[in-house]
Amino acid sequence: MLEEILTRTGVGTMIERQQSHHVDYAQPEDLDEIERLHQESQRYTTVYGTPLVKPLDRGALERLLPHTLVLSHRDILIGKLHATELPEAPQTQLISGFVIGENHQDSQHGQLLVTETLGRLRERGYSAAAAITASDRAKRLFQRSGGTAATRGVWQMQRLSQSRQRYHPAERDSVELYEFQL
């Protein structure tokens, strides 16, 4: 509690009887809210108009449902991400589709979702995770969460090259791959 009162970080001083934030695997009934969050994220683009979160239709989001973790606050879905296998890198999961709702950004919710995801992957026996982004905000979060920019290795360069293709040539160098050792 002293840290909340005496520092400028955190979400403010809030004392609750029960924890109001919850991270869990998505359920079929979460699909509408996941789609809403994903559509909301499409407003955030690079200077050339490329969405920072890869566009996905409802069918793709539904196929990713078993690999989706959601963050709820007081039973309202406020964040989501997908963690999927990387066939070219056994024991590594790719974190993608990372979205925190507009009214919940800059409030440590993203940190909570990423930290919880990395912990769950570690518990499931994975040795590493990776995430690709062009968002400066996500880059800072990934670095705070222990991620390091990775440009070496065959699969890293292949994934990075594939991801950069959807961006304008002038902004492709801003797309980075982060690795997390679990």
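Just so it is clear, none of the values below were taken in a lab; they were calculated from the coordinates. Small disclaimer: the values here were computed from a predicted structure and weren't measured. Positions of Cβ are generated from backbone atoms using ideal geometry, with glycine treated the same way; all protein chains shown enter the neighbour counts.
Over the chain, what number does the Rg to Rh ratio reach, with both radii from the alpha-carbon atoms and Rh per Kirkwood?
Over the Cα atoms of the chain, Rg/Rh equals 0.96.
For a footprinting-style exposure proxy, rank 151, 115 by other Cβ within 10 Å, fewest first.
Ordered by Cβ neighbours within 10 Å, fewest first: 151, 115.
For residue 153, what charge total do you get from the other residues with a beta carbon under 13 Å from its beta carbon, if Lys and Arg give +1 and Asp and Glu give -1?
That works out to 0.
Considering only the other residues whose Cβ falls under 11 Å of the Cβ of residue 167, what net charge follows from Lys and Arg at +1 and Asp and Glu at -1?
My count for the surroundings of residue 167 gives +2.
Charges on Cβ only, +1 for Lys and Arg, -1 for Asp and Glu, centred on the Cα centroid of the chain; of 181, 59, 155, which one is farthest towards the dipole's positive end?
155
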